[in-house]
Amino acid sequence: MISLDGKVLSSLPDGKYKVEVEHNGKTRQFVCYVSGKIRMNHIVITDNDKVKIEVSEYDPGQGKIVYRYR
């Protein structure tokens, strides 16, 4: 798993989010879902929040939001 910091652009249906990440001078967009700990603790994620995501090497277009910065 690769950890990256990004910014939430918009909320999508089914509890997914579009996240923009700047890595090595390039910007990429990922479709991310929320991890179980965030969902279990009822943490609300809105547009323009800074988040930490994890991206799998097997499916580089999809990620998992694991932390929301304050």
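Around the Cα centre of segment 2-68, unit charges on the Cβ atoms of Lys, Arg, Asp and Glu (plus for the first two, minus for the last two) sum to a dipole of about 140 debye. Using the Karplus relation 6.51 cos²θ - 1.76 cosθ + 1.60 with θ = phi - 60°, the per-residue 3J(HN,Hα) values for segment 65-70 come to 7, 10, 7, 10, 6, 7 Hz, with x marking Gly and Pro.
Rg over Rh for segment 2-68 works out to 0.93, both radii taken from alpha-carbon positions and Rh defined as the Kirkwood radius. Taking Cβ atoms as reference points and 12 Å as the exclusive limit, the residues near V66 contribute a net charge of +3, counting Lys and Arg as +1 and Asp and Glu as -1. Take the Cα of K7, step 7 Å toward its Cβ, do the same at N41, and the gap between the two points is 2.4 nm. Look at the alpha carbon pairs under 8 Å that are at least 6 residues apart: their mean separation over the length of the chain gives a relative contact order of 35 percent.
When shorter helices are ignored and each DSSP H run of at least 4 residues is given -39500 (n - 2.57), the per-residue value for the chain at 222 nm works out to -1500 deg cm²/dmol.
Where a number appears in this text, it was derived from the coordinates with a stated rule and is not lab data. Remember, predicted model here, so these are calculated numbers, not experimental data. With ideal geometry, Cβ positions are generated from the backbone for all residues, glycine too; neighbour counts draw on all protein chains shown.
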